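Report on the following structure.
The values are calculated or read from the model by the stated rules, or taken from the named source; none is laboratory data. All figures in this text were calculated on a predicted structure; none of them were measured in a lab. With ideal geometry, Cβ positions are generated from the backbone for all residues, glycine too; neighbour counts draw on all protein chains shown. Side chains included, ligands, DNA and RNA excluded: accessible areas come from the protein's heavy atoms. Shrake-Rupley method; radii C 1.70, N 1.55, O 1.52, S 1.80 Å.
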2 protein chains.
Amino acid sequence: MSATIIDGKAVAQTLRHRVAQEVAALDRRPGLATILVGEDPASAIYVSNKRKLCVEAGMRDRHRLLSAQVSQAEVEDVIDELNLDPEVDGILLQLPLPKHLDAPSLIERIDPDKDVDGLTETNAGRLALGRPGLRPCTPSGVIQLLDSAAVHLEGAHAVVVGRSDLVGRPQAQLLLARDATVTVCHRHTRDLASHTRDADIVVAAAGVPKLIGAEHIKPGATVIDVGIHRTEGGLCGDVDFDAVAGIAGHITPVPGGVGPMTIATLLRNTLTAANLHNSSHRETRTNGSGPARDGVAVTAGQP
Amino acid sequence: MSATIIDGKAVAQTLRHRVAQEVAALDRRPGLATILVGEDPASAIYVSNKRKLCVEAGMRDRHRLLSAQVSQAEVEDVIDELNLDPEVDGILLQLPLPKHLDAPSLIERIDPDKDVDGLTETNAGRLALGRPGLRPCTPSGVIQLLDSAAVHLEGAHAVVVGRSDLVGRPQAQLLLARDATVTVCHRHTRDLASHTRDADIVVAAAGVPKLIGAEHIKPGATVIDVGIHRTEGGLCGDVDFDAVAGIAGHITPVPGGVGPMTIATLLRNTLTAANLHNSSHRETRTNGSGPARDGVAVTAGQP
């Protein structure tokens, strides 16, 4: 074992503290609204963690628990109400939703400037076009982990394994925005190792336990593991940690790597959204014009 | 010289004929509106070509010529009017605009379902999320050229050189959607040749004359040249054609390669938009509900 461990818990804690300090300096407390549909125990735990850390960061916690039998129109009404509520800066619709609901159309209903998960078409487009916007939390957290370890991104060859909407694709965009040369691999890739072995940075987000082994990694490379799987031998990621830690220069553990960054980035996105809303309120007051929804540009992390 | 030439003029003509046949079978003629601001001679020629081929394909041609001194608000009014006009299916705002106008905000004002250039945040987001939408014309034309030459995309390693909003980034997304392993290179890439020499497909969209030489290409690879430059020795692309044609398996010429595909794809996008609008009109008539703007999903080429 030679690799330096990137301690996601510590980096996330530092980020949450920084968010809390900035929140304390604001005139108005930012608010995060969470919407939970049904009684799925894992979802309930996730939402309860988000709410707890939101309160710890000094933000306003607004929660809506809806029955598993709620209709599409009822969820739409809740989203519309939160979109209009000036005390709500961020809206988080906990996924997955019960099968009878149309999740993509509900996500699209969230005001893009309150879409702190960065999941709407508008925010995906802003990311793709390199414009300011709210970025998806997990890949954004990965960039912060890389920065915390002072990994040089400009000109580095980064290989992203996986091309999901939530992680792989936005991860590639965020790395590209930081001037890395980026390769996206996936299930159709022939000879995965030939690509990853060339990489200075590997982000494993394929959803396949221990997919990345020693033979996939160039000595000294940085390996970020987005996967998390419950196996008989305990939790593991998409990376075979024991095998790869002997070769990599930096590596994230599972758990305690990327995971804690997701909620910390959610809080930072809520603060970013609040700053955006505050500046458009100010603009409204001083200029008498309407809120500058698309004009006022607060950069959410990676531009 | 061993490479097979991909004849963009012929492929574009075939595509335009196919569009014309589909247009002839419709109850309602699709309409394309072009907006030209000022007297730039190159822009005037581009717009006039688009209008001519639009009419040849049997579509309705609507043109608005605005003075170079037009105000932002006046252009906004023209866009708003065309957004509402049921005879207009596609709106093309010819770029570049005079410096005093805010081009990105004018582009965002175009109804995403009439944005036949695929330039709005919404269409960029739909592409990034793999959802149906209107795709940018040039990279979409490149995919059709590859298909015309029966180049196998699934599992192929495609290297895109350049990361512009108009070509490089959407090109990478379109290739990824077709299951290629995709690498994006750019000015910060170290050792460009080490990436391109590994590629089955190279798309050169860097805007640098003859950037890609023999040393960049694997024998038998497919080379698509998006560049076009006026030099003392005549027109050339981003690829050193004479050097690369001896090595590549397939290659596009400049001119007569990617160029003609752009307008042909614009016409196809206008037809796609018209089909989208027709189906939402039908839905309105039969269901009495509002137009299904985001619901009715007509796939624009590559999903």
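Key figures for this structure:
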| read-out | value |
| --- | --- |
| Potential lengthening between A:Thr4 and A:Glu215 on full extension [0.36 nm per residue; Cα-Cα distance subtracted] | 74.1 nm |
| Separation of alpha-carbon centers, the stretch A:192-269 and the stretch B:201-280, rounded to whole Å | 37 |
| Which of A:Thr122, A:Thr270 is most accessible, then next, and so on - probe 1.4 Å | A:Thr122, A:Thr270 |
| Chain A: calculated mean residue ellipticity at 222 nm from DSSP helix runs of at least 4, using -39500 (n - 2.57) | -12500 deg cm²/dmol |
| Coil-residue trypsin sites (Lys or Arg not before Pro) of the stretch B:1-87, DSSP, other Cβ within 10 Å capped at 14 | B:Arg28 |
| Alpha carbon convex hull of the stretch A:136-259, volume per residue in cubic angstrom | 93 |
| Rounded to the nearest 10 Å², the accessible area of B:Cys137 at probe 1.4 Å | 10 |
| Cα-based radius of gyration of the stretch A:27-111 once divided by 2.2 N^0.38 Å, which approximates compact folds | 1.06 |
| Neighbourhood net charge (14 Å Cβ-Cβ; Lys/Arg +1, Asp/Glu -1) for B:His250 | -3 |
| Calculated Rg and Dmax of chain A using C-alpha coordinates, Å | 19.6, 62 |
| Cβ-defined net charge surrounding B:Arg16, 15 Å radius [Lys, Arg +1; Asp, Glu -1] | +2 |
| Spin-label model distance (nm) - A:Asp77 vs B:Asn83, 7 Å beyond Cα toward Cβ | 2.9 |
| Distant alpha-carbon pairs in the stretch A:49-195 (separation over 26 angstrom), percent | 37 |
| All-pairs Cα distance distribution in the protein assembly as shown, expressed in whole percent, bin size 10 Å | 3, 16, 25, 26, 19, 10, 2, 0 |
| Sparse-neighbour loop sites [trypsin sites (Lys or Arg not before Pro); the stretch B:72-138; at most 12 other C-beta within 10 Å; DSSP] | B:Lys99 |
| Solvent-accessible surface (1.4 angstrom probe) belonging to B:Lys210, in square angstrom, nearest 10 | 110 |
| Among beta bridges that DSSP assigns inside chain B, antiparallel share in %, nearest 5 | 10 |
| DSSP bridge orientation in the protein assembly as shown - percent antiparallel, rounded to nearest 5 | 15 |
| Pairs beyond 22 Å (Cα-Cα), from A:Lys52/A:Lys99; A:Lys99/A:Lys210; A:Lys50/A:Lys99; B:Lys9/B:Lys50; B:Lys52/B:Lys210; B:Lys50/B:Lys99 | A:Lys52/A:Lys99; A:Lys99/A:Lys210; A:Lys50/A:Lys99; B:Lys52/B:Lys210; B:Lys50/B:Lys99 |
| Between helix B:72-84 and chain B: long-axis angle, C-alpha atoms, 0 to 90°, nearest 10 | 80 |
| Two-site label geometry, A:Ile45 and A:Thr231: point separation in nm, points 7 Å out along Cα→Cβ | 2.0 |
| Within chain A, longest stretch clear of exposed GluC sites (Glu not before Pro) (DSSP loop, no more than 11 other Cβ within 10 Å) | A:40-153 |
